1. Which one of T121, Q21, G165 has its Cα pushed farthest toward the positive end of the charge dipole of the chain, where Lys and Arg give +1 and Asp and Glu give -1 at the Cβ?
2. Helix-derived [θ] at 222 nm for the chain: sum -39500 (n - 2.57) over DSSP H runs of at least 4, divide by residue count, nearest 500?
3. Tell me the label-point distance for the pair R74, D59, using the 7 Å Cα-to-Cβ offset, in nm and rounded to one decimal.
4. How many times 2.2 N^0.38 Å is the alpha carbon radius of gyration of the chain?
5. With the crude spin-label approximation of a point 7 Å out along Cα→Cβ, what separation in nm comes out for L107 versus K25?
6. Treat region 105-174 as a sphere of radius equal to its Kirkwood radius over Cα pairs and apply Stokes-Einstein at 25 °C in a medium of 0.890 mPa s; give the translational diffusion coefficient in µm²/s, rounded to a whole number.
7. Within 10 Å of each candidate Cβ there may be at most 12 other Cβ atoms; applying that plus a DSSP loop requirement, which chymotrypsin sites (Phe, Trp or Tyr not before Pro) in region 85-174 survive?
8. Given charges of +1 on the Cβ of Lys and Arg and -1 on the Cβ of Asp and Glu, with all other atoms neutral, how large is the dipole of region 2-140 about its Cα centre, in debye to the nearest 20?
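Quick note: the coordinates plus some simple rules give every number you see, no bench work behind them. Only a predicted model underlies this, so the values are computations on that prediction, with no experimental measurement involved. Cβ coordinates were reconstructed from backbone atoms using ideal geometry, including for glycine residues, and neighbour counts include every protein chain displayed.
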Amino acid sequence: MLNKFLPDEHVPSVFDIDPEQLKAKGIRGVITDLDNTLVAWDVPDATEDIKRWFEKMDDHGIQVTIASNNNETRVKLFSEPLDASFIYSARKPLSKAFKKAQKQMNLNKDEIAVIGDQLLTDVLGGNSAGFHTILVVPIVQTDGFFTKINRKIERRILNWMRRRGKITWQRRDQ
Ligand SMILES: [Mg+2]
């Protein structure tokens, strides 16, 4: 059961996710988290680096959908200037938003990668829906109230997996 929390890949940040490498794996679409994945949870707008990352994905024909558990105002204000597709109040790890994104992108399961900073929402949801999952290190260590609780559980799962040799990487917050 805990294997559902195990990401297929772990990278320091989205900037380590390269469209050529995705394409080599047959990936043609990405469903990415917003808060602490693309920017810090309390930063309203995309940075120049994030804008370039979206352009790079677009140049290589990789579709990107932002799926966030945050509210409409937050997600819309961030996504619209990027011209990016978005789903707010996604209720990850539930599969509904993931399936909606898949349908909108018109891709097969094995053509989609899910990117996010949380095991309990992004990785669990992505794995359950049958997508390739990529965990990134959260951009900042501060979090909203509910995320703080998730982080505690997450740390225990990561430690459990590490003890069993399922993961070898260490996060700077652990
Ligand atoms: Mg997040």
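1. G165
2. On the way: 6 runs with 60 residues, N = 174.
Helices in the chain give a 222 nm mean residue ellipticity of -10000 deg cm²/dmol.
3. 3.1 nm
4. 0.96
5. 1.1 nm
6. Working: Rh = 13.2 Å.
Diffusion coefficient, whole number: 185 µm²/s.
7. When the chymotrypsin sites (Phe, Trp or Tyr not before Pro) of region 85-174 are filtered for loop state and at most 12 Cβ neighbours within 10 Å, W169 remain.
8. Working: 16 positive and 21 negative charges, 158 e Å.
Approximately 760 debye in magnitude.
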